[in-house]
1. Can you tell me which residue is farthest from the chain's Cα centre (by Cα) among those in region B:291-341 that are within 17 Å of B:Phe371 (Cβ to Cβ) and among the hydroxyl-bearing types (Ser, Thr, Tyr)?
2. Limited to region B:348-368, what total is found for residues that are within 19 Å of the chain's Cα centre (by Cα), closer than 18 Å to B:Met401 by Cα and not small (Gly, Ala, Ser)?
3. For region A:368-389, does any single residue satisfy the condition of being touching a Cys at 6+ places or on another chain (Cβ under 8 Å) and modelled with pLDDT of 85 or more?
4. Could you check A:Ile201 against (1) β-branched (Val, Ile, Thr); (2) more than 29 Å from the chain's Cα centre (by Cα); (3) surrounded by fewer than 16 Cβ atoms within 10 Å (Cβ to Cβ); (4) part of a strand (DSSP E or B) and say which number it fails?
5. Specify which of the listed residues (A:Ser66, A:Ser158) is more than 10 Å from chain B (Cβ to nearest Cβ), out of contact with any helix residue (DSSP H, G or I) (no Cβ under 7 Å at 6 or more places or on another chain) and among the small types (Gly, Ala, Ser).
6. So, in region B:209-239, how many residues would count as being assigned to a loop (DSSP other than H, G, I, E, B), within 30 Å of B:Pro135 (Cβ to Cβ) and open to solvent by less than 70 Å² (accessible area, probe 1.4 Å)?
7. Counting just the residues of region B:591-648 that are in a strand (DSSP E or B), hydroxyl-bearing (Ser, Thr, Tyr) and out of contact with any His (no Cβ under 6 Å at 6 or more places or on another chain), which one comes out surrounded by the most Cβ atoms within 10 Å (Cβ to Cβ)?
8. Taking the criterion of being under 30 Å from A:Ser220 (Cα atoms) and part of a strand (DSSP E or B), would at least one residue in region A:71-81 satisfy it?
Amino acid sequence: MRIILIFICMFPMMICAQNHLENDTTINSWAQSPVYFPNKDVVIKVGLYAGIDLPFALNDALLKRSDDSLLISIPQLFSNLDDHVNIVSNSNIELFYIGMKLGSKRKSYFSFSSQLVTHLDVNFNHNFLSYLIQGNTNYLGVNVLQPGIGNGFMAYNSLILSYAQKVNSKLLFEIKVKRLTGLASVYFEEFDINLYSHLPINAEALYSEIDQNILIHTSSIDKNRAKDYLENKGYAFDFGLEYKLNNRLKLLASIQDVGSISWNKQNNLSIESDSLIRLESLIDLDQEELSINDDIQETLDSLTNLFSVDTLYTTYSTALPKQYFVGAYYKIDFKQAFSLMLHSIHHEAVFYNSINLAYQRRFGSHFSTQVHYQVIDKSYNNFGLGLGLHFGNFDMQLSTYNILAIDLLNAEKMAYKIALRFQFDRKERNPDIERKFGDYKNRF
Amino acid sequence: MIIPKLKSYFILLLFLTSCIKEDLSTIADVQVNAEWIIPLIDLSVGVLDVLPDDEHLVVDEDYLLRVLYRDENIKTIMGDSLLEFNGDQSIDREMVVGIVALDDFESTIGVSLGSMANEMDPEIAEPIIQAAALPLAYFPPLNSVFGGEHFYEAFDNFEYLDIATGVLHFELYNTLAIEIQSLSLGLMNVISQEIIAEFSFSDIAVGEVVGSEVSMEGVTLYNELSIVILQFTSPGSGLDPSNEDSWLSFNLSDEIICSIYAQNMTVNSGNIVFPDIELDADSSSMTLNLDDDVLLSHIDFSSGILAISYNSTAHHPIEVMIEIPNLFLDGSSFTEVLIIENTESSGGVSIEWVLDGASIVMTESVNEIQFYCFGNIESNGDLLDFDSEDLVQLNISLTGMEFSYVQGYFGQQLEVVSVDSVIIDTEFMDMFSGGVTLVDPKLYITTSSNVGIPLELNLNFEGQTDSEVQNLNAFPFSINSPSLLGGDETINTTTEFNSTNSSIVELVNIQPHTMVFSGEVLTNPNGEIEPNFIHSGSEIVIGFEMDIPVDISVGNLVLSDTMDVSIEGIDDLDHFGLRAFISNGFPLSADIGLFFMDSVNNTILDSLIIHEVSSGQINANGDIVSPEILDILIEITNAKMETIVEANRIYAEVKMSSINDNSNSVKIYTDYRFKMALGLVLDIESGGQ
């Protein structure tokens, strides 16, 4: 970790960059921006975004022993968990991106890119996990519900064709069509588990029940079933708008990833189980001679017979998590700007929301920085820091939305972004003018 | 300008790197602490689950457990036995004919002068006879001449009489033309030629009537009588025959009329035509053989014979009416008229009447059956021998009397109830080896009586075991009886013996196997209050019911059970535990012990003890308001487990006590439950500090 941070520290001294403030509102929790209409005519970029939102920090699980060695303490971990244990992780690797403005007035912009996207969204009930891991003793008499519809993971490749158009000096829209190829998927179509261990308040029978209704789809997870992932197809669409109120303020909005992937059954393996298992007293006192272990074995055998899992091979489809962006960008001057972005991810009736407030400042011509504050899903202590290096047509951007994640032990939310961009105009521009005023035509 | 800023930035990054405090390479272990509870045993025990099947265990509507011993008939006292009644009784009576009073009878004859002259000396008679032919003639004097025997007409109402009393009147009417100076007459039985009476008269003028009477007592009078003129003296016409002035007109048909008149004749014997005679009425009574203070008023018979036997020495049929006003046959009082003939040659006669359906009603305050005999002779006009000592002998008997109903006052009689016993099946109580006291048992003596006699039963009731005897010490109690107006109703009486009026508590708590009873029944303990009655077949049935609510005080009662087991250990656990959720819905506190034993050596290898499981909360009545809830964790170390798995037998023992030991009694209801849910607590720990 230290190595990475040293690299971050060193990098600004190694790289020079253009000294202008990019109209780049990508400093947010996601790699994607609501609307992208670059300043330059041609853009080539690659990037990596990875973020993970954990329900705990490593330090929550660490205990120091008397000999200074560390102990991962599961009990301590659970004591620090919230009621809802959500693990959300997204990554987006922009394998390649090429975009070009077209038209004499450069009002149209086309791009073609390929992204490798992963999305992990797992929601667990704290009590459910605690029941399974720490035992049922603390949950006697409590219904532990684990509704898990929509949990899952997907990895897909997205070939994106985008078209952005400046309608007029104020209005800009962008449309994207995405061709999706599913790479792997785990999808919890149904995952309702009710765990209940009865508390015999009046010494009635002690029993435990597992009421489960599970339907989990997997695609290309079982190596025996990953036959041809290219058959996992889907489409998605993005639409965005940008509106300039004045020279300083513009409003943005977009809806993204409206689409789904159909996972072909030849790659799929699903398991289905719907049963109610009740564990009652293991020992039957009515016997003349007690053989306790035989009784226990007999009971466990009968329970095993009750728990049945059906294996299915079906086609299923998963919807992509839709993203909604609404924001504003306010340019103070050539060097400084504020942005406010509301971002919501909507997946399986769950909204994962964030608010990003960013301040950008350009230092000289090669260095810019962003400082932002985010409220992410009821987490209020997310301060991010971004660094931009600009050398000529080449930009490099490193960002984290939670600088405190440097302390990995205490970080729950981490997201990093690395982007490399090479952009240029097809026509030679006046370097002197640009040196003094930047790309004034596109100055905002 | 920029460089200072970069430096500041660099310093800031270095500062931030120093926030990584821990060296993650020193992570040595993962601490896991999981605790699982697995249902092991589910126990729910009610009192009926513990007790053996026993037909004597009953459950009330409110679930109170009771032990009930009942025998509806341990003794039967027949109503008939309460009244000693002699079924055979008789009386003898005689009806004597007695002296017969004959009707007065009379007879008159005229003794004519001519007939007398025929009996005279011819020398005396001739002149009289010749002069009688003349219209006027001299009647010579007669001097003590015999006038001859002159016969009365025979009486037809007797042949002879032995006269007891009576007077014979003689009357003479001189219709001769001459005066009778003296006359002596004799009345003679012609048959016996015996003068039975003499009469003398003097100076009987012409046309004069003279009379005399004579007692005939002791005289035998035959029906043929004559009058004998023993001496007749008359001056006639005087001594001068020539004195024509003394000459008389007379005729030979001139008579002396002699009349005899028997009056108030009573006869001892004879041969007579019986007059209508009323024999002396005879009244008598038959006293029933009963105890002194018994006074019957009504008897209905179911069987019996009324027999009247008679013998008669009277030669005349006697009509005898026998009246038994107390006795009712066919709804009316017994009145029978017998025509009793002479039985000297034929032998006695007996007539019977069946008493089935008959009744005797005593109206007087005595246990007597009145008998009235009336004898009547209605003359049949025949001449029959007669003796005043002729009699009719009657024997009136009542035999084989059995009553279907008797009413009266039966007095105060003491009837012994013979010794008897009832075996009690005490399997329920035997299961308590001690420490249980039944605090509120009750014994009910039930009687069912359709005998109309108030009774008092003095019962001697004992419970017995092999080694102990405990008497109930029961007080004498009343057995109610039906009233006279109640018809055939049966009255049930229940008498309760409880802890306040008897020794039932002590009796029950010796756990008797046998109940032995005897006693005495006193009739009419309060004297005569209302009439007693007994129907045939009526009875008093005595039963008992011993009601033992399981209302107990318990001081250190021990219940135990043994079961063979086979236990294997649980590997890879340092220790685990048993968590017991206990609900004690019984009003008893308990110490529970499980002893793990080696049955071969009969040794206890280890034990698990749960101390003082308190009783449920009880109210003032000893009823459970709420159970006592316990949540107990029993740690079992690995060392303890190693010992337990060696056991092949578990001895379970429960010691129970009432609240405050046995100073409180508690009721046991069948809806009380002792529940225990036992869970196996697996404590999985790895890692650690």
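1. Checking each candidate, the answer is B:Tyr310.
2. Residues that pass the stated criteria total 7.
3. From region A:368-389, those touching a Cys at 6+ places or on another chain (Cβ under 8 Å) are A:389; that's our starting set.
Filter again for modelled with pLDDT of 85 or more, leaving A:389.
Yes; the residues of region A:368-389 include at least one that is touching a Cys at 6+ places or on another chain (Cβ under 8 Å) and modelled with pLDDT of 85 or more.
4. (4)
5. Details: A:Ser66 fails: more than 10 Å from chain B (Cβ to nearest Cβ).
Of A:Ser66, A:Ser158, the one residue that is more than 10 Å from chain B (Cβ to nearest Cβ), out of contact with any helix residue (DSSP H, G or I) (no Cβ under 7 Å at 6 or more places or on another chain) and among the small types (Gly, Ala, Ser) is A:Ser158.
6. First, the residues of region B:209-239 that are assigned to a loop (DSSP other than H, G, I, E, B): B:216-219, B:223-224, B:235-239.
Remaining after also requiring within 30 Å of B:Pro135 (Cβ to Cβ): B:235-239.
Next cut, open to solvent by less than 70 Å² (accessible area, probe 1.4 Å) only: B:235-238.
Counting residues in region B:209-239 that are assigned to a loop (DSSP other than H, G, I, E, B), within 30 Å of B:Pro135 (Cβ to Cβ) and open to solvent by less than 70 Å² (accessible area, probe 1.4 Å) gives 4.
7. Step one: of region B:591-648, the residues in a strand (DSSP E or B) are B:591-598, B:603-613, B:617-618, B:624-626, B:628-637.
Then keep just the ones that are hydroxyl-bearing (Ser, Thr, Tyr); that gives B:603, B:607, B:626, B:637.
Checking the rest, the ones that are also out of contact with any His (no Cβ under 6 Å at 6 or more places or on another chain) come to B:603, B:607, B:626.
On the way: B:Thr603: 11, B:Ser607: 16, B:Ser626: 12.
Among them, the one singled out is B:Ser607.
8. At the first step, the residues of region A:71-81 found to be under 30 Å from A:Ser220 (Cα atoms) are none.
Checked region A:71-81: no residue is under 30 Å from A:Ser220 (Cα atoms) and part of a strand (DSSP E or B).
The values are calculated or read from the model by the stated rules, or taken from the named source; none is laboratory data. Note that the structure is a prediction, hence the values are computed from the model and not measured. Ideal geometry is used to build each Cβ from the backbone, glycine not excepted, and the neighbour counts take in all protein chains shown. The area values use the complete protein model at the heavy-atom level, side chains included, leaving out ligands, DNA and RNA. Shrake-Rupley method; radii C 1.70, N 1.55, O 1.52, S 1.80 Å.
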